[in-house]
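The values are calculated or read from the model by the stated rules, or taken from the named source; none is laboratory data. In this text, all values refer to a predicted model and were calculated from it rather than measured experimentally. Neighbour counts run over all protein chains shown; Cβ positions are idealised from the backbone, glycine included.
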Amino acid sequence: MFLVSKLFWMFAQPLSLSFLAILFAVLALLAGLRRTGLALSALGGAILFVTLYTTTGSFVLQELEARFPRPAADPQTVSCMIVLGGSFETEVTTTRGGIEMNQAADRFIEALRLARRFPQSAILVSGGDGSLSGVYEGDAVASERFFETFGISADRLVRETQSRTTSENVANSRTILAERGLENCLLITSAFHMPRAVGLFRAAGTTVTPWPTDYRTSGKVGLGLDFTQPTLNAQQTATAVREWIGLAAYFLTGRIGAFYPAP
């Protein structure tokens, strides 16, 4: 399933779909299928335009981010927190060391803030190598350097190093929580990713408190044209499409009980 999902996403992301549509359009025109070629050209161009020059991606992404609102204040106590991986540039850190981070770094920044405020809390970091090659260290390995750099003892860390997908994050974390007697943990992950993650924990029978972070939108985006930042628009669209596809796939395969989990 892991390999299938990786290969599927290679072709299903918006820019890949646009390229494939244009490629098949050229082949259709060369084969004399003029109407088919023109239709595929129009489809490829439309996908490309919406992806690069509209706010569609951010508009859809903010819906996901709003599904589980972040509490207005910190909890009174925190006994444990689960941090889902995806924040480290593991291809870089594997060869260079250090703690190079990507756009999702706020997952670990927020975990660090809470760890310092609640020094008795355990920190379960779930994240192995999610690459196709499987030759890189995962977030759980890199996170130890991150937390130690800021004075958080490795004794507080529980590293789950085998998971490659969100489904595996949850399954492996559930086992570790049961073994260590940890309950009612904060779940720290990107806000747009929270519905799928919470849905999986619910299906596994594990109670967590959603603690969304790593917001990618202002929450006030309307649908419209945007010619100023096509690269960002493409990134936002890809992130939103991938997450909605993930929700649909997990629901259709029975791994979550609702297509769009709610609080």
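At a glance:
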quantity	calculated
Flag if G130 is modelled with pLDDT under 95, of a type outside the set (V, I, T), within 14 Å of the chain's Cα centre (by Cα) and not assigned by TED's automatic domain parsing to the domain that holds A238	yes
Any chance R242 is outside any helix (DSSP H, G or I), surrounded by 12 or more Cβ atoms within 10 Å (Cβ to Cβ) and either outside the structural domain of Q13 (by TED's automatic domain parsing) or out of contact with any strand residue (DSSP E or B) (no Cβ under 9 Å at 6 or more places or on another chain) (or both)	no
Residue in the stretch 213-233 that is part of a helix (DSSP H, G or I), hydroxyl-bearing (S, T, Y) and more than 13 Å from the chain's Cα centre (by Cα) present	yes
Condition check for G32: over 30 Å from R180 (Cβ atoms), assigned to a loop (DSSP other than H, G, I, E, B) and not basic (K, R)	yes
Members of the stretch 190-212 found to be β-branched (V, I, T) and part of a strand (DSSP E or B), listed by number	V208, T209
Evaluation of S5 against (1) within 27 Å of Q236 (Cβ to Cβ); (2) surrounded by fewer than 14 Cβ atoms within 10 Å (Cβ to Cβ); (3) of a type in the set (G, A, S) (one fails), failing number	(2)
Within the stretch 46-139, helices (runs of 4 or more DSSP H) holding 3 or more residues that are of a type in the set (G, A, S) and touching a residue at least 40 places away in the same chain (Cβ under 8 Å)	56-66
